[in-house]
1. So if I check each of 139, 115, 146, 78, which one is under 20 Å from residue 191 (Cα atoms), surrounded by 15 or more Cβ atoms within 10 Å (Cβ to Cβ) and modelled with pLDDT under 95?
2. Being touching a strand residue (DSSP E or B) at 6+ places or on another chain (Cβ under 8 Å) and part of a helix (DSSP H, G or I) is the filter here; which residues of region 226-266 pass it?
3. Which one of the conditions (1) outside any loop (DSSP other than H, G, I, E, B); (2) within 18 Å of residue 266 (Cβ to Cβ) does residue 107 fail to meet, given that it meets all the rest?
4. So, in region 21-36, how many residues would count as being surrounded by fewer than 24 Cβ atoms within 10 Å (Cβ to Cβ) and either at pLDDT below 95 or within 14 Å of residue 314 (Cβ to Cβ) (or both)?
5. Residues that are over 14 Å from residue 413 (Cα atoms), in contact with a strand residue (DSSP E or B) (Cβ under 7 Å, 6 or more places away or on another chain) and exposed (fewer than 15 other Cβ atoms within 10 Å of the Cβ): does region 447-464 have at least one?
6. Collect the residues in region 406-430 that are within 21 Å of the chain's Cα centre (by Cα) and more than 26 Å from residue 51 (Cβ to Cβ), keeping them in residue-number order.
7. I'd like to know if region 421-442 contains one or more residues that are loosely packed, with under 15 Cβ neighbours inside 10 Å, out of contact with any helix residue (DSSP H, G or I) (no Cβ under 8 Å at 6 or more places or on another chain) and in a loop (DSSP other than H, G, I, E, B).
8. Just checking, how many residues over region 465-474 are part of a loop (DSSP other than H, G, I, E, B) and surrounded by fewer than 16 Cβ atoms within 10 Å (Cβ to Cβ)?
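The values are calculated or read from the model by the stated rules, or taken from the named source; none is laboratory data. This one's a predicted model, so the numbers in the text were calculated from it and none came from an experiment. Neighbour counts run over all protein chains shown; Cβ positions are idealised from the backbone, glycine included.
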């Protein structure tokens, strides 16, 4: 409360703060995904505050619609309304970004909006009313020659024009214009990198990175028998072909983020030249993490493991302490109430499931905070990935691994406090089963203090938790698995 009063006093005599959210696509934090981003390190991490960041669901589209709506995926009703929760019908024009716009902010979205491209490209091309201007990409997995919705008109980029550069240039040009005109602004910059095929820009395609192999973590190329069948059934080691594919993808992913780092450098320079850097909050995060051979999954996301649900989460801006790393749980649905509070925009009547972390943007004396988050997933289907078509499709010769299935559907709790560092999740038989304990057919639990790589399932492993402790976790999970608004942790 004290920080908020200080900020309100500051805004009463100064320009309203600006906001830039940089949302990357598939960027991990636990597998060194930011290792080729020196500007991220110097301009954000060293000058801002980083949190223990998570996503509510580890796959692109529902994570993005959760971020932009401020709602958990289970409240977007994905299985009934479509993979993205029918975002256009249910939420377009009613998001927290629209509240900023209605409060006098100019708003911009450049890059990846969400995956239902038919909602806003080609025959349905339009400017979503949440935004003053847009430059939305219209094709997945295409780093050269992509199509865009530019302020309601379809535009195709030249085949030699790199996607990340297009997104970055358009975003920086818009921010420069808004800053020069002295209007408060919000920009959501969403590069496609490092999503497969993680094609680097020509200027970086031969750049050296710190390693030619993906991190050989303790859970790399192992398949514990007490894990979900999607992992447990992988009784053979990764083939040489899949190992090479994963390693090559790791290198390309790092090379592709070099162009994202260029955006950050241009962003900081543009804000500085226009004398608005000190009055602008910049938040960088990702829609989820990634796998690169962990539990014999050579690529992809989709799973309840830490490397899939943990993401970078760093914010820099007015009154935010520099070079602080806080072991505080935040996630993507928290972005909405936080930015609205920092902007001084009334939140009454806006339904959201997150919690503003403004109270945590203090180096000392921060108020009490939550010790748990909900995370969840609905299996896409039997999804296989391998080295064919740059990792975007199964291979005709069978050189691939199964990474997802309908029964890879789960609800979970991530708990961190002074006594526990726990993950607990319960699986369902298929994605359309009710989110209910009656649907549970498999349970996992990990003690990440003693087992940070989630190698022993403490529900079924050799030294399981006591039955009463497991039952307590089960009850705590189902108290919040279908939470809404104030009932969410």
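1. Only one candidate passes the filter, namely 115.
2. 229, 230, 242, 257, 259, 260, 263, 264
3. Failed condition: (2).
4. Selection size over region 21-36: 3.
5. Looking for residues that are over 14 Å from residue 413 (Cα atoms), in contact with a strand residue (DSSP E or B) (Cβ under 7 Å, 6 or more places away or on another chain) and exposed (fewer than 15 other Cβ atoms within 10 Å of the Cβ), one finds at least one in region 447-464, hence yes.
6. Correct list: 408, 409.
7. Within region 421-442, one or more residues are loosely packed, with under 15 Cβ neighbours inside 10 Å, out of contact with any helix residue (DSSP H, G or I) (no Cβ under 8 Å at 6 or more places or on another chain) and in a loop (DSSP other than H, G, I, E, B).
8. Selection size over region 465-474: 1.
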